[in-house]
Each structure stands twice: as C-alpha cells, then as structure tokens.
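One structure is given below, encoded as structure tokens.
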Amino acid sequence: MSQTLHSEVTPNLQEINRALNLIGSAGLIEVRYKSESGVNGFGSDDKALLAQRAFECSSSPSTTAVWLTVQEISKPENLTKAENILRLRWLVVDVDPPRPNDTSSSESEKKAALNIASEIRTLLGIRTLLIGSGNGYHIYIPTDVPNTPEVHSTNRQILDTLIKS
C-alpha cells in the first residue's frame, strides 16, 4: 500500500513566495503537483498567482507532492518537456536516501542525506542553495547556460563525478 508523502508538512504561503523569489527565474514558471489523478501543472509569470495556486494544491489532502520548474522555459502546450527549456539557471543535485518507492525517509535517513549534501557543498567550494526536498535535499548550483546537448553532457559528467566522490 502506498504511503502519502510529506503528510507532516503544513503548507505555508510565505515560504512558497520565498521559494519562488529565491529560485524561480524571471518569466514563465511552472508549478507541478502529484495527486490521485496523476501529475498536473500550471504556469504563469505572475509569482503571486503561482504562490497562491501552489498553496491551494499543497493544502489539498489528495496532493502528495508539489514542485516548480527552476529553469527558463517557453510556454508548453501541456506540461513542460525538455524541448521547452531555453536556459539552465540551476544544476540541481538531488540527495535522497535509498528507500522503497512511495516511502517517506526516516529522520535518521534525512539526517544522513543532509550530511552528504553538506559534504558535496564543501567539496564544490562555491555558493549554493540547500533546499529540503521532503525526503532529502536539493543542492542548487547557479548556472546560466543554454539548453544544449553539450551542456547536458557536461552536467552529467559533473553529477557522475559527485556520485563517485
């Protein structure tokens, strides 16, 4: 049986606004959410409207996750796909503890993920953002590069090197 993720988190409109202002790029931002009906989303360049709608989705008992795009995107017909990404504003390192699907991390697993994320940030030696992702942490490394195959190859090499470290 699936377990609802993040059930202990209380939506906070002020924190949602803070996140949108901190990591959301200028222009169009897409907010996605996962519920019983699957993954859905909505986009806007109005951060106040996005924050309110994200808060409403987060407050719904049927919503198990909410996240936003952090790259510069063009307007998609439906949900954002790779071809809608114009520029990469952030390289995101996802640090989650290993665990079965649809299972929340324990406090000790999340603490272990934080320790690994802290080690990675120290290894990088540059200013990054550390953001809780629910079951672990995301490290946001600032970039501003076009969305090209060469950039994807370089980013993959960076992530592979971090995994091996």
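None of the figures in this text is laboratory data; all of them are computed from the coordinates on show. Everything numeric in this text was worked out from a predicted model, so none of it was measured. Neighbour counts run over all protein chains shown; Cβ positions are idealised from the backbone, glycine included.
Ordering of 149-161, 105-117, 86-98 by packing is 86-98, 105-117, 149-161, highest average first (other Cβ atoms within 10 Å, averaged per residue). Rounded to the nearest 500, the 222 nm mean residue ellipticity of the chain from helices alone is -11500 deg cm²/dmol, with -39,500 (n - 2.57) taken per DSSP H run of at least 4 residues. For the range 28-83, the Cβ-based charge dipole about the Cα centre amounts to some 120 debye (Lys, Arg positive; Asp, Glu negative; other atoms uncharged).
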